[in-house]
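One structure is given here, and the rest of the page talks about it.
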Amino acid sequence: MSIQIPKDMTLTEGEIPIWFGQMSWISWWLILLIAAIFAITIYFFIIAVILVIIVWINVSTSEYFISSKRIYFKRGLISRVLNDIKIEWVTNIFVHQGIVGRILNFGNIGISSPGEHGGAIGFVGVSDPMKIKAIIEDTSSNTKKIHRTFLMEFGWEY
């Protein structure tokens, strides 16, 4: 099973894809429920279609990616937001799930790193956020072990 790589992105030498995901449809449950209710009546059908299109654009234009070297996100159709953090720079990972997110197993993940600009990334509305947090922690830990081993081979302390 190969892991998808985000569009417009190329891997660096030795970079291994670990996880790819997008915003979950279920994270938009309330908007989709309202759209379904509006679709029942002919008068609000157009509003329902517009709501579904908005959700579709948000879900289909979000890309979240974890590799052996970086964490990357991209969102947006017309205006675009993208950022990546080197995996060894990760200092904190947090998960936010409301009560509905806990029940339906979706949430937001925040990843921070040192620095003034671009020091945080957010995976918004992802499925199984605790699993993704564990993937990031494992990848970060493994990368830091490799760096520590490399430095110790040359007699440097970490």
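Compared with the direct C-alpha span, the chain from S2 to I103 gains 33.4 nm at full extension, assuming 0.36 nm per residue. Here the Karplus relation 6.51 cos²θ - 1.76 cosθ + 1.60, evaluated at θ = phi - 60°, turns the backbone of segment 99-105 into coupling constants of 5, 5, x, 5, 5, 8, 6 Hz, with x for every Gly and Pro.
Label-to-label distance for D138 and I34 is 3.8 nm, based on points extended 7 Å past Cα in the beta-carbon direction. Please compute the length gained on full extension between D128 and S68, using 0.36 nm multiplied by the number of residues separating them and subtracting their Cα-Cα distance. Gain on stretching D128 to S68: 19.6 nm. Remark: segment 32-40, residue by residue, has Karplus-estimated 3J(HN,Hα) of 5, 5, 4, 4, 5, 5, 5, 5, 5 Hz, where x stands for each Gly or Pro and the curve is 6.51 cos²θ - 1.76 cosθ + 1.60 at θ = phi - 60°. Karplus-based coupling profile of segment 51-68, in residue order and whole Hz: 4, 5, 5, 4, 5, 4, 4, 5, 5, 6, 9, 9, 9, 10, 8, 10, 10, 5, with θ = phi - 60° in 6.51 cos²θ - 1.76 cosθ + 1.60 and x standing for Gly or Pro.
Toward the positive end of the charge dipole of the chain, with +1 on the Cβ of Lys and Arg and -1 on the Cβ of Asp and Glu, the farthest Cα among I66, L30, L77 is that of L30. Here the dipole of the chain is about 300 debye; that uses its Cα centre as origin and unit charges on the Cβ of Lys and Arg (positive) and Asp and Glu (negative). Simple rule: put +1 on each Lys or Arg Cβ and -1 on each Asp or Glu Cβ in segment 1-124, find the dipole, and look at T10, L104, I93; the Cα lying farthest toward the positive end is L104.
Between S112 and I53, residue separation times 0.36 nm minus the direct Cα-Cα distance comes to 18.1 nm.
Among residues other than K7 whose Cβ falls under 12 Å from its Cβ, what is the net charge (Lys/Arg +1, Asp/Glu -1)? Net charge around K7: 0.
Neighbour counts of other Cβ atoms within 10 Å put F123, F45 in the fewest-to-most order F45, F123. Exposure proxy shown here: for R75, R80, the number of other Cβ atoms within 10 Å sets the order, fewest to most, as R80, R75.
Here, each number is a calculation from the coordinates, and none is a lab measurement. None of these values were measured; they are calculated from a predicted model. Here Cβ is always computed from backbone atoms with ideal geometry, including for glycine, and neighbour counts include all displayed protein chains.
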